[in-house]
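A short worksheet on the structure shown next.
The values are calculated or read from the model by the stated rules, or taken from the named source; none is laboratory data. All values reported here derive from a predicted model rather than from experimental measurement. Every residue, glycine as well, gets a Cβ built from its backbone with ideal geometry; the counts of neighbours run over all protein chains shown. Just the protein is used for accessible areas: all its heavy atoms, side chains included, with ligands, DNA and RNA removed. Shrake-Rupley method; radii C 1.70, N 1.55, O 1.52, S 1.80 Å.
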Amino acid sequence: MGMRAIKSVADRILAACALILLFPIMILAGVGVLLSDGRPVFYRARRMGKNMTPIVVYKFRTMYTGADREGSITGIGDHRIFPWGNFLRKTKVDELPQLINILLGNMAVVGPRPEDVDIVEKYYTQEEKKTLEILPGLASPGSIFNYTHGEEFLKSADAQEDYVGCFMHIKLSLDLYYMEHWTLLYDVRIILRTICVILICSLTSQRMRYPMEYERIYGHLRKNGDD
């Protein structure tokens with residue numbers, strides 16, 4: 001059995017175990033959405049999957065009903081996000097339903113984050129489309145960077161323009177680095193890094209450094225807010 005096949009089996013086992021362990025948290029998250037803004041509890045996001053095949057990605061809904069018509073990219077203090085949804089986003093609990101996607105086989109635990117279909121078709125370069133040669137993931141170097149430093153780049157009134165103009169390309173470069181250096185051990189490290197970063201950012205005000213992939217690509221390591 002090849003390493004990719006081992007990864008696929010391990011992904012499903014991890015996803016099943018995580019769903020069982022985190023089920024009480026998911027129930028609480030769903031009840032919070034119901035009390036905050038009613039139904040539906042889940043948001044079905046159309047995203048680009050492996051080999052340019054669109055997939056439906058499941059999330060807990062964090063924005064008011066119909067708010068996604070204004071665009072899929074959210075900025076600082078986005079008025080479309082209700083308070084409980086903001087908490088779910090901060091703790092990344094809103095992403096937990098994607099464990100179902102992993103069981104279905106259209107996502108992995110670690111891999112480039114699935115992107116909005118329209119953004120992929122309009123703004124991805126040919127090089128960046130290489131990130132679609134593998135299954136999209138729940139965690140990646142790009143997603144860690146987005147979580148810790150995304151707000152630095154999405155400050156203007158037009159968050160989507162900020163995103164596709166600059167930030168998205170940096171994020172994708174980190175995921176391309178991941179693909180070029182992939183090992184099972186690298187996946188384990190990304191999982192542990194993701195958990196640590198979410199806990200630190202959720203429970204403290206500690207400023208996070210740029211990820212090591214950024215240093216490898218751009219030649220220096222920055223801190224949040226540095227020039």
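Annotations for the structure displayed:
- Here the dipole of region 72-227 is about 600 debye; that uses its Cα centre as origin and unit charges on the Cβ of Lys and Arg (positive) and Asp and Glu (negative).
- The Stokes-Einstein estimate for region 111-191, based on a Kirkwood radius over Cα pairs and taken at 4 °C with 1.567 mPa s viscosity, is a diffusion coefficient of 99 µm²/s.
- For Ile73, the shell of other residues with beta-carbons less than 14 Å away shows a net charge of -2, using +1 for Lys and Arg and -1 for Asp and Glu.
- Solvent-accessible area, 1.4 Å probe, carbon plus sulfur percent, for the chain: 59
- Span per principal axis, largest first, for the Cα atoms of region 13-171 (Å): 41, 39, 25
- Averaging the Cα positions of each part gives two centres, and for region 77-117 and region 143-197 these lie 14 Å apart.
- Proximal charge balance of Ile55 [Cβ under 14 Å; K/R count +1, D/E count -1]: +4
- Accessible-area ranking of Thr204, Thr62, Thr91, largest first, probe 1.4 Å: Thr204, Thr91, Thr62
- Probe 1.4 Å, protein heavy atoms only - accessible area per residue of the chain in square angstrom: 53
- At R0 = 35 Å, FRET efficiency that the Cβ-Cβ distance of Glu152 and Ile20 yields, to 0.05: 0.45
- Taking a Cβ cut-off of under 13 Å around Thr183, the surrounding Lys, Arg, Asp and Glu residues balance to a net charge of +1, with basic ones at +1 and acidic ones at -1.
- Across the alpha-carbon set of region 1-53, the Rg to Rh ratio works out to 1.14, Rh being the Kirkwood radius.
- Sequence-separation-based contact order of the chain, relative, with Cα cut under 8 Å and 6+ spacing, percent: 19
- Over region 50-132, Cα pairs under 8 Å with separation of 6+ residues give a relative contact order of 36 percent.
- Square roots of five times the Cα gyration tensor eigenvalues for region 58-99, Å: 17, 12, 9
- Rule-of-thumb Rg ratio for region 1-98 [Cα; 2.2 N^0.38 Å; N residues]: 1.23
- Under the span-like rule (Cα at least 27 Å along the axis, Kyte-Doolittle mean at least 0.5), DSSP H helices of the chain: 3-37, 184-203
- Secondary structure note: in region 1-151, about 85% of the DSSP beta bridges are antiparallel.
- Per-residue ellipticity at 222 nm from helix content only, as computed over the chain with -39500 (n - 2.57) for each DSSP H run of at least four residues, stands at -16000 deg cm²/dmol.
- Region 88-139, relative contact order in percent, only Cα pairs under 8 angstrom and at least six apart counted: 46
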